[in-house]
1. For a quick check of your reading: which strands (runs of 3 or more DSSP E) sit entirely within region 134-175 and have at least 1 residues that are closer than 18 Å to residue 98 by Cβ, of a type in the set (Ser, Thr, Tyr) and at pLDDT 80 or above?
2. Quick one: in region 113-128, of everything that is over 21 Å from residue 78 (Cα atoms) and not polar (S, T, N, Q), which residue is modelled with the highest pLDDT?
3. Let me confirm something: among 131, 109, which residue is part of a loop (DSSP other than H, G, I, E, B), at pLDDT 90 or above and crowded, with 18+ Cβ neighbours inside 10 Å?
4. If only one of 11, 51 is of a type outside the set (Asp, Glu) and open to solvent by 10 Å² or more (accessible area, probe 1.4 Å), which one is it?
5. Look through 180, 199 and report the one residue that is at pLDDT 90 or above, in a loop (DSSP other than H, G, I, E, B) and not aliphatic (A, V, I, L, M).
6. Given the structure, is residue 213 surrounded by 21 or more Cβ atoms within 10 Å (Cβ to Cβ) and either within 17 Å of the chain's Cα centre (by Cα) or closer than 26 Å to residue 143 by Cα (or both)?
7. Among the residues of region 58-79, are any among the polar types (S, T, N, Q), open to solvent by 20 Å² or more (accessible area, probe 1.4 Å) and within 16 Å of residue 32 (Cα to Cα)?
8. Quick one: which of 266, 317, 282 is at pLDDT below 75 and surrounded by 21 or more Cβ atoms within 10 Å (Cβ to Cβ)?
Amino acid sequence: MATVPPKRKEIYKYEAPWTLYAANWSQRPDRRFRLAVGSFLEEYNNKVQVISLDESAQELKASSMFDHPYPCTKIMWIPDNKGIFPDLLATSGDYLRVWRAGEPDTRLECLLNNNKNSDFCAPLTSFDWNEVDPNLIGTSSIDTTCTIWGLETGQVLGRCNLVSGHVKTQLIAHDKEVYDIAFSRAGGGRDMFASVGADGSVRMFDLRHLEHSTIIYEDPQHHPLLRLCWNKQDPNYLATMAMDGMDVIILDVRVPCTPVARLSNHRACVNGIAWAPHSSCHICTADNDRQARIWHTQQTARAVGNPNRAYRAGDDHQALIWDIQQMPRAIEDPILAYTAEGEINQVQWSSSQPDWIAICYNRCLEILRV
């Protein structure tokens, strides 16, 4: 008789030995419930763990761990939903590092440094891995620049050389520190990217015409913008957030400079944003008042059932579904709110499993079915 796998729970929780900050889902079809998480320690000896779901035990477990000098400002698995590339993940901090995942050992494949003529290393604030062309990675730095790296990943059958990389181009992207970079799926998805920084602007670039850039938004008070995230289904929309701000700003690149929506229901500073991978009208935002909120349009609220329904997922975790209005009308309330046990500093929506979201708070990683 065939063994029936146990029914998955609604919430899985993993507690690390240290405070967690960076996290990312693996996209490989053979590693569906796998994430990488990075420690946040104010010292040179940080760690990265690979966490996987043990299906038989129905719990998250660390499958490997490796050293990382500084806290990772970002972790990202190679965007490979077909499993045709080497099993790679990248981290940013002092440098961009590319690692080859293994169990139990993960090894460093290459360290990418663009400061060849100086001992000074300008820290990397973030990076993005191009989904259309995984041989491209873009990094952002406090030295006002963005760098586009070309990778040689040895994915051709029969090649066994190590992963290597080179600088394709470097540009001064902002007047001050650059805090985030993200590739867009517009125009085929390879050449367009945007960045945000301490000058309070969102700027858009085209790799084919780097002599020009377009400012698509500037914060009215010139507050630094910390993060940006492109809509996964509609490349006309992106979201950003300001330092110490309680709003998430939704922009339409076809109508520059004027937000099409503000998500203003947060009661504390916003720490993270993530668009749904499967829908153009879902976005998850996290703040440090211990709530992660999933926003939907009214149409989606009807699709999930009774929009006035509320349910508890456990004694210390609450999820609410709300009925909201559709853009461009004001979005006043979320339809679902999940309360964590600490300040949420990371939210990640799984692209291969769109009904699962990961959050990090304190020492805990939780993955939630939404």
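1. Values: elements: 136-141, 145-152, 164-172.
So the answer is 136-141, 145-152.
2. Checked region 113-128; the qualifying residue modelled with the highest pLDDT is 123.
3. Numbers: 109 fails: part of a loop (DSSP other than H, G, I, E, B).
Going through 131, 109 in turn, just one is part of a loop (DSSP other than H, G, I, E, B), at pLDDT 90 or above and crowded, with 18+ Cβ neighbours inside 10 Å: 131.
4. Numbers: 51 fails: open to solvent by 10 Å² or more (accessible area, probe 1.4 Å).
Answer to the check: 11.
5. Values: 180 fails: in a loop (DSSP other than H, G, I, E, B).
Criteria check complete, one pass: 199.
6. So residue 213 does not fit the description; no.
7. Initial filter on region 58-79 (among the polar types (S, T, N, Q)): 58, 63-64, 73.
Next cut, open to solvent by 20 Å² or more (accessible area, probe 1.4 Å) only: 58, 63, 73.
From what's left, within 16 Å of residue 32 (Cα to Cα): 58, 63.
The answer is yes, given that some residue of region 58-79 is among the polar types (S, T, N, Q), open to solvent by 20 Å² or more (accessible area, probe 1.4 Å) and within 16 Å of residue 32 (Cα to Cα).
8. Working: 317 fails: surrounded by 21 or more Cβ atoms within 10 Å (Cβ to Cβ); 282 fails: at pLDDT below 75.
Being at pLDDT below 75 and surrounded by 21 or more Cβ atoms within 10 Å (Cβ to Cβ) holds for just one of 266, 317, 282, which is 266.
The values are calculated or read from the model by the stated rules, or taken from the named source; none is laboratory data. Owing to the predicted nature of the structure, the values given are computational and were not obtained by experimental measurement. Counting neighbours? That spans all protein chains shown, and the Cβs are built from the backbone with ideal geometry, glycine included. Surface accessibility is based on the protein's heavy atoms, side chains included, excluding ligands, DNA and RNA. Shrake-Rupley method; radii C 1.70, N 1.55, O 1.52, S 1.80 Å.
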